[in-house]
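Structure first, commentary second.
Each value in this text was obtained by applying a stated rule to the coordinates, not by laboratory testing. Small disclaimer: the values here were computed from a predicted structure and weren't measured. For neighbour counting, all protein chains shown are included, and Cβ atoms are generated from backbone atoms with ideal geometry for every residue, glycine included.
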């Protein structure tokens, strides 16, 4: 059974669950969240300290991928959309306090954990296709039986719950198909005739 792994960051937003499937790359300026010159706002970048609207620290940006920053609050590594951050003099500003962000993350994680049960249908991130059904649940992975009947083991952290309470994975239908084909063992060589 193949174990599919990619650089994934699950982005749970107020409107639902999304996951990103690209390597993390830092934003261009300023360098890795370095303090801005006097009077210049700090843009979201890897290493930048994120603050709330009162200027209190929320956490540090660990990675940025496909429009989502992963903020390490010291308690959680919470995804947060870049479009919801505002450059500020102390660092990128978000509308949530550290406690609120940790609380939202914990609530989403609890909903996801409750939904990860044997037999649950799993859809792709864009909801366009059924990825399969959960066959087994482990502490750090989920065995999924695909629509084609193939069992694959996926990291637990790529699963989330959509606004309707359905289970989704952090792949679009196309990305999931590509990951499955990449995980397939090579066909045995045919003897030359």
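In Å, what Rg and Dmax follow from the Cα atoms of the range 73-117?
12.8, 45
Based on the Cα gyration tensor of the range 110-155, what are the three equivalent ellipsoid semi-axes, each the root of five times an eigenvalue, rounded to whole Å and given largest first?
16, 13, 9
Restricting everything to alpha-carbon atoms, can you work out Rg to Rh for the range 40-188 with a Kirkwood hydrodynamic radius?
1.06
Give me the tail of P(r) for the range 117-183 as a percent: Cα-Cα pairs with distance above 13 Å.
Working: 1317 of 2211 pairs.
Summing the P(r) of the range 117-183 above 13 Å gives 60 percent of all pairs.
Which order do 80, 105 fall in if you start with the one that has the fewest other Cβ atoms within 10 Å?
With the fewest neighbours first, 80, 105 line up as 105, 80.
Give the order of 94, 158 when sorted by the count of other beta carbons within 10 angstrom, beginning with the fewest.
Ordered by Cβ neighbours within 10 Å, fewest first: 158, 94.
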